[in-house]
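Everything below concerns the one structure shown next.
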Amino acid sequence: MADTENLLDEMAHWTGIAGRMQQLLMEQGATAALKIADDTAELMAKGPFDPQKLAEQQAAWWKDALAQWQAMLPDAAKAASSDRRFKGARWQEPIFDMIRQSYVAISDQLLKSVDAIEGIDPRQKEQLRFLTQSFVEAMSPANFALTNPEVLNRIFETRGQNLVTGLERMLSDMGAGQIRHVGEHAFEVGKNLATTPGKVIHETPLYQLIHYAPTTPDVQATPVVIFPPWINRFYILDLGPEKSFVKWAVDQGLSVFMVSWKSADAAMAGVTMDDYVLRGELDAIDTIRDLLDVPSVHVVGYCVAGTALAMLLAWLAARGEADKVASATFFTAQVDFTQAGDLALFVDDAQLALIESLATDGYLDGRYMGATFNLLRGRDLIWNYVVNNYLLADPYKPFDLLHWNSDVTNLPANWHRAYLADFYRDNKLVKGEMTVDGVALDLRAIKTPSYVQAGREDHIAPPESVWKLTEYFTGPLRFVLAGSGHIAGVVNPPAAGKYQYWTNEKTAATLGEFVAGATEHKGSWWPDWLAWISERSAGEVPAKGARIPGKGKRKAIEDAPGRYVVMR
């Protein structure tokens, strides 16, 4: 017992030393971060800047820092107590309590110092704040073995085996080029993901078209085709049966088709947005219309596929072919990128040049985009797993959404660069400066009935940005604000009873006005969408003949989910 107490005393002593070292690093980092605005000439060249003002702000902060230290700690204690990184009981012990309070106080002051900078462009300020926030998250005492009491506990309990296991995992992840969020063999597409029965009935070099088997005697006459983002795998909408949007839609009596995009390779180096719009989405629509002998289809576009869908609707309107689409549904999609969120901070000439340098044989490795999206939520998707996987060596949790998040796809490099430049940087679509196959696009010509869904906490496509679709489309439109974010706000099955959504039957000029007059509904918005789309279908037909995958003129190529979804 005495030996144990001595060991704990030694650990506490060295933890205190490490905490002091980290505090010094944080103080040094604060100075470095505050000097970014002065040292980065390119950033400052874009707008007026007063270095004397910044110097005065820095001096005032450091002058007040020591005097305010004791006053800050109570607020820091309150903030730290609500931070789930510091929820463990040992964080309440005096030395670790001081470490976490110091960290929160310094972090708060550092971010406030950035907010206080004047005389620079708002976008530049947001870039600086994002970099500072990333630095602050990286320097959390929870991320270091000697300042995290739970890690010290685990080292003692396992006699250091957790560090060996963590190192093995880290080296394995380095070899794979990405942080694994779940165990390598926890999920398999076609086994416990993407299991809704169906057949691939059409295939091109760009995509496969899946037709799902009906589960009801009759189905709605107007079929539904879903366009997922080609930045990710389609099975986010077909996870396990209890979460699958596809299975739920089929069980409601819808004829459902899904596009499964091919992960880019050297053969796709020349693919452009026109290809995704015409030789992807339009081709799928025409294929389904011909197969089922129907005049129109319901279309669903998720994220970037929703942007492409808006382009297609404008193209069809310009050509007098808008009646091919009975209705259009947009999941967290954007057309106006003036409020596109933190992802827009990554779009400048330097980042575009980096993309060009990373491209191999005309395509961009999907791990680059995966790392970018993880960085947008660094605390949750990077540092949380550094602690759990590498330091604590906790068992991996079988979480299907995180498996999907890590299952990246490659992108045509030229397309990706043009997408970032044309939409995020230059916002050409809403300026009327974009064409498809030589046809100028006017979003205000879109009169197709539209259902627009946004996520209240979406950091990829912020609700303020998604709302802007309502400012351009001129046909009947229903806007729904769902609880949660870019993924969980969409993948929210009714049986789960989670979250909520808001509707407003009155016309609203802004998102704020919509929210102010909105009615909150508990649970999933899926039934609301089903009622809306059912009103725009042409009745029901028996689920036989061509409504059965592979039984019409399009013979089955292979079983769902097909080859493309597992190609790297």
Scanning segment 146-173 residue by residue, those in a helix (DSSP H, G or I) and open to solvent by less than 30 Å² (accessible area, probe 1.4 Å) turn out to be T147, P149, V151, L152, N162, G166, D173
Against the definition (of a type outside the set (A, V, I, L, M, F, W, C), within 25 Å of Y396 (Cβ to Cβ), buried (at least 21 other Cβ atoms within 10 Å of the Cβ) and out of contact with any Gly (no Cβ under 9 Å at 6 or more places or on another chain)), how does S140 come out, yes or no? yes
Within segment 488-523, the residues that are surrounded by fewer than 18 Cβ atoms within 10 Å (Cβ to Cβ) and of a type in the set (A, V, I, L, M, F, W, C) are A488, A495, A496, A508, A509, V515, A516
Within segment 264-318, restricting to residues that are in a strand (DSSP E or B) and in contact with a Ser or Thr (Cβ under 6 Å, 6 or more places away or on another chain), the one that is surrounded by the fewest Cβ atoms within 10 Å (Cβ to Cβ) is H298
The correct count of residues that are touching a Phe, Trp or Tyr at 6+ places or on another chain (Cβ under 6 Å) and farther than 19 Å from L152 by Cα in segment 91-120 is 3
Of (1) among the hydrophobic types (A, V, I, L, M, F, W, C); (2) over 22 Å from N388 (Cα atoms); (3) at pLDDT below 55, A80 fails just (2)
Inside segment 112-134, the number of residues satisfying the requirement of being more than 20 Å from F86 (Cα to Cα) and either in a helix (DSSP H, G or I) or of a type in the set (S, T, N, Q) (or both) is 16
Segment 216-263: strands (runs of 3 or more DSSP E) wholly inside it with 3 or more residues that are without any contact (Cβ under 8 Å) to a residue 60 or more places away in the chain are 256-261
All conditions in (1) closer than 30 Å to N148 by Cβ; (2) of a type outside the set (A, V, I, L, M, F, W, C); (3) assigned to a loop (DSSP other than H, G, I, E, B) are true of R367 except (3)
Those residues of segment 180-215 which are assigned to a loop (DSSP other than H, G, I, E, B), aliphatic (A, V, I, L, M), at pLDDT 95 or above and under 23 Å from W404 (Cα atoms) amount to A194, L206
When G119 is run through (1) touching a residue at least 12 places away in the same chain (Cβ under 8 Å); (2) in contact with a Leu (Cβ under 7 Å, 6 or more places away or on another chain), the failure sits at (2)
Flagged in segment 371-418 as within 28 Å of L352 (Cβ to Cβ), open to solvent by 40 Å² or more (accessible area, probe 1.4 Å) and not in a helix (DSSP H, G or I), in numbering order, are R377
Of the residues in segment 96-122 that are aliphatic (A, V, I, L, M) and closer than 19 Å to E137 by Cβ, the one that is nearest to the chain's Cα centre (by Cα) is L111
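The values are calculated or read from the model by the stated rules, or taken from the named source; none is laboratory data. Computed from a predicted structure; not experimentally measured. When we count neighbours, we look across all protein chains shown, and the Cβ atoms used for this are built from the backbone with ideal geometry, even at glycine. In case anyone asks, the SASA skips ligands and DNA or RNA and just uses the protein heavy atoms, side chains included. Shrake-Rupley method; radii C 1.70, N 1.55, O 1.52, S 1.80 Å.
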